[in-house]
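Structure record follows, encoded as structure tokens.
The values are calculated or read from the model by the stated rules, or taken from the named source; none is laboratory data. The model shown is predicted, which means the values in this text are computed figures rather than measured ones. Reconstructed Cβ throughout: ideal geometry from the backbone, glycine too, with neighbour counts over all protein chains shown.
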């Protein structure tokens with residue numbers, strides 16, 4: 001698998017993005033980044049994960065709400081990054097689901113792991129798309145993120161109080177985003193078929209993390225990550 005060449009002229013800004021799975025495919029929220037200027041763009045849905053690499057202009061950073069590295073054997077509590085994220089989030093730790101092992105990433109492999117929760121099992125086809133495209137060199141661009149960790153950072157490293165499934169939780173998250181990102185309403189108020197308000201909040205939070213990564217302010221969890229059998233770092237960045 002070879003890197004696709006970047007096309008077009010050099011631009012006076014970077015293009016960074018948050019990305020999360022949704023009903024129709026993959027929700028992407030991008031922004032132009034130039035110095036202190038951060039300009040969110042209208043979100044859109046891509047049919048397949050691989051499409052993100054065909055975007056022009058190319059994204060310099062993508063903060064992805066999906067597992068990137070996978071362990072070989074099932075461990076209680078999941079990967080070390082899953083366990084560390086859960087510990088950090090405290091009462092919101094239940095939002096971090098165990099990543100599948102590498103074996104179910106192949107199409108046609110039966111899911112026999114009873115520790116794979118219902119949400120991860122439902123998202124398995126999306127995770128397989130990621131596994132098919134990711135390679136170590138792509139971790140220069142694509143970083144695993146988690147919206148709840150992004151909101152944790154936005155909230156001064158304090159777990160949020162409410163679930164995003166509640167009106168209180170959605171307002172809590174919206175207020176944090178609006179306080180940090182001028183123009184974020186273009187994303188959180190967007191109307192896209194098959195995309196729920198919670199998806200828009202999640203992808204906006206990942207976009208914030210993409211900005212932090214571009215500014216070299218992102219924090220790896222854990223600081224010394226493990227590597228999977230494909231040479232991919234098993235980490236979550238906030």
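Side notes on the structure shown:
- Being surrounded by 12 or more Cβ atoms within 10 Å (Cβ to Cβ), closer than 28 Å to residue 41 by Cα and under 19 Å from the mean Cα position of the chain (by Cα) is not true of residue 98.
- Filtered by the rule that a residue be surrounded by fewer than 23 Cβ atoms within 10 Å (Cβ to Cβ) and in contact (Cβ under 8 Å) with a residue 24 or more places away in the chain, region 67-77 gives 70, 71, 72, 73, 74, 76.
- When each of 177, 207 is tested for being surrounded by 14 or more Cβ atoms within 10 Å (Cβ to Cβ), in contact (Cβ under 8 Å) with a residue 12 or more places away in the chain and more than 27 Å from residue 78 (Cβ to Cβ), the lone residue that passes is 177.
- For region 119-133, the set of residues classified as part of a helix (DSSP H, G or I) and farther than 10 Å from residue 50 by Cα consists of 119, 120, 121, 122, 124, 125, 126, 127, 128, 131, listed by residue number.
- In region 180-195, the residues that are assigned to a loop (DSSP other than H, G, I, E, B) and either buried (at least 16 other Cβ atoms within 10 Å of the Cβ) or within 16 Å of the chain's Cα centre (by Cα) (or both): 181, 184, 190, 192, 195
- Contact map, region 213-235: first residue modelled with pLDDT under 95, second residue surrounded by fewer than 12 Cβ atoms within 10 Å (Cβ to Cβ), Cβ cut-off under 9 Å, separation 6 or more or different chains; pairs are 228/72; 229/72.
- As for region 15-22, it holds at least one residue that is in contact with a helix residue (DSSP H, G or I) (Cβ under 6 Å, 6 or more places away or on another chain), in a strand (DSSP E or B), farther than 17 Å from residue 130 by Cβ and in contact (Cβ under 8 Å) with a residue 40 or more places away in the chain.
- Note on region 140-168: residues that are crowded, with 18+ Cβ neighbours inside 10 Å and at pLDDT below 95 amount to 1.
- Residue match in region 102-118 (condition: in contact with a helix residue (DSSP H, G or I) (Cβ under 7 Å, 6 or more places away or on another chain) and either in a helix (DSSP H, G or I) or closer than 14 Å to residue 237 by Cβ (or both)): yes
- Answer from 85, 29 - the residue that is in contact (Cβ under 8 Å) with a residue 12 or more places away in the chain and assigned to a strand (DSSP E or B): 29
- On inspection, residue 201 does not qualify as in a strand (DSSP E or B) and free of Cβ contacts under 8 Å to residues at least 60 places away in the same chain.
- Meets criteria (modelled with pLDDT under 95 and crowded, with 18+ Cβ neighbours inside 10 Å) for residue 13: no
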